[in-house]
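The values are calculated or read from the model by the stated rules, or taken from the named source; none is laboratory data. None of the values given here were measured: they were computed from a predicted structure. No Cβ is skipped: glycine too gets one built from the backbone with ideal geometry, and neighbour counts run over all protein chains shown.
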There are 2 protein chains.
Amino acid sequence: MQKVTRLDRISPQRADKFAERRAELAEAALQTLSELGYARTSLREIAQNSEFTHGVLHYYFRDKVDLILCSVRQYKARCVTRYDRVTADARTYEDLMTGFLAALAQTMRDEAHMHRLWYDIRSQTLFETAFRADVAELDKSLEDMIWRIMCRFAELTGEPQSVSPSAIYAMIDGLFQQCLLRHLSGDSQAIDQMQADVRLVISKITSSSAPPA
Amino acid sequence: MQKVTRLDRISPQRADKFAERRAELAEAALQTLSELGYARTSLREIAQNSEFTHGVLHYYFRDKVDLILCSVRQYKARCVTRYDRVTADARTYEDLMTGFLAALAQTMRDEAHMHRLWYDIRSQTLFETAFRADVAELDKSLEDMIWRIMCRFAELTGEPQSVSPSAIYAMIDGLFQQCLLRHLSGDSQAIDQMQADVRLVISKITSSSAPPA
DNA sequence: GAAAAATTTTGACAAGTGTCAAGCTTTTCT
DNA sequence: AGAAAAGCTTGACACTTGTCAAAATTTTTC
């Protein structure tokens, strides 16, 4: 009973064009989602942020979930390699620290709206199973990204890692999320504050010390 | 041009009854929100979780925002004093640690649905200014709660505090949030994992050590 | 117990939602 | 150039949403 649509055909020539449009519409969806949030984003609103009308969305996507899933995947692709240059360039502990903190600050300033969308969708995942797999995958990618940086820190100090990848990611993510809320609420000191906090926490984490008896 | 409604009268006798109904309906709202999430919670759905019909909501609340705000405040009242018994009872570092970790685990098991609502609404705050003040206040209360525990840790070790209240809260919140997502996704090890992570992080944080040069 | 006030239900409204099918326009193929 | 396919628009559908007013009911007051 499966209806045959454009989505099932695999014309190798046309596939590019089709995928291109999908990406274009997914981009419009990202734009809309980051502006309005998940709860208030409608297909018509998304279409208005593109150069097409709302009907076209069902030509390129099975349904709303399919569209949003595609958007999230597209967001991910841009997101995960963002900090790797920082790791590669740093030659000293302080170099790496400064570079990492600067990258965090720049992300906060330039991509605040995209990141609030990320947190919004991740919260949706607490209720809806639909996005769960994709969100978990993206979350893992971010964790890996942070872990690469922490490994570089460990190399530069000579100390071994003692905190697990997922834990250190969760902590930095928590600090970032807190900063995002303050930043969007108009707190001009939010970014500086976060930088100081992250610096201190990393210094604590990367130094070995016996836990108290 | 302000319309006179029941909300403006201050019959000192009746005020209790009125507030009681409000609380009752706010409770139904909490129930619904924690089950469906913010995006899919409607007034009719809330009414169905109460013993009234949907129309009554506009008798007791100005609008939907008023109702949800009231719910959040009600949620807060129960939430913030939850861990204070742990602090009071503990006589040793290990006591306090065990008690705190047990309280975290119990919260995760018993109140997972309520806490996903909390994260959902906090994410809404990234887009909407309506809840911002209340969310910030509740967030601060939770921060204070965590800080009281950390102060007790500091007392028991004799070491001074070095990480700011907001930073330590953000980190533990991050760990809790990560655990919540795993827990709701069916990961049976999520709680144990969180306990181990929190234990390690607190031990790192509460021990003094010079940051690397 | 009747009048007045408070409470609750009912039903409607205008607006917005995801979805889809029919038709129009453009591109592609032979 | 003509036929066929792909791309896109339009308009409708069934349904849900927040809001509100009028009526029905219960409670209080005198």
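Would you say residue A:175 is closer than 14 Å to residue A:119 by Cα, buried (at least 20 other Cβ atoms within 10 Å of the Cβ) and more than 15 Å from the chain's Cα centre (by Cα)?
So residue A:175 fails the test.
Return only the number of the condition from (1) within 22 Å of residue B:144 (Cα to Cα); (2) surrounded by fewer than 17 Cβ atoms within 10 Å (Cβ to Cβ) that residue B:86 does not satisfy.
(2)
In segment A:59-97, what count of residues is obtained for those that are away from chain B (no Cβ under 14 Å) and either within 16 Å of DNA strand C (Cβ to nearest atom) or part of a helix (DSSP H, G or I) (or both)?
Residues of segment A:59-97 away from chain B (no Cβ under 14 Å): A:59-63, A:66-67, A:69-89, A:91.
If we keep only those that are either within 16 Å of DNA strand C (Cβ to nearest atom) or part of a helix (DSSP H, G or I) (or both) too, we end up with A:59-63, A:66-67, A:69-79, A:84-89.
The total comes to 24.
Enumerate the pairs (first residue in segment A:128-147 and farther than 24 Å from residue A:84 by Cβ; second residue anywhere and loosely packed, with under 15 Cβ neighbours inside 10 Å and modelled with pLDDT of 95 or more) with beta-carbon separation below 6 Å, excluding pairs fewer than 6 apart on the same chain, so at least 6 apart or on different chains.
What qualifies is A:130/A:65.
In segment B:120-174, how many are among the polar types (S, T, N, Q), at the interface with chain A (Cβ under 9 Å from one of its Cβ atoms) and under 25 Å from residue A:199 (Cβ atoms)?
4
Only one residue in B:36, B:57 is within 11 Å of DNA strand D (Cβ to nearest atom) and under 17 Å from residue B:75 (Cα atoms). Which one?
Answer to the selection: B:36.
Hey, does segment B:183-202 have a residue that's facing another protein chain (nearest Cβ under 7 Å), over 24 Å from residue A:207 (Cβ atoms) and in a loop (DSSP other than H, G, I, E, B)? Let's see the steps before the verdict.
So the first thing to find is which residues in segment B:183-202 are facing another protein chain (nearest Cβ under 7 Å), and the list is B:184-185, B:197, B:200-201.
Of the ones still in play, those that are also over 24 Å from residue A:207 (Cβ atoms) are B:184-185.
If we keep only those that are in a loop (DSSP other than H, G, I, E, B) as well, we get B:185.
Yes, some residue in segment B:183-202 is facing another protein chain (nearest Cβ under 7 Å), over 24 Å from residue A:207 (Cβ atoms) and in a loop (DSSP other than H, G, I, E, B).
Looking at B:117, B:138, B:142, B:156, which one is more than 18 Å from residue B:76 (Cβ to Cβ) and crowded, with 17+ Cβ neighbours inside 10 Å?
After applying the criteria, what remains is B:156.
Examine segment B:23-35 for a residue that is over 27 Å from residue B:125 (Cβ atoms) and at pLDDT 95 or above, and state whether such a residue exists.
no
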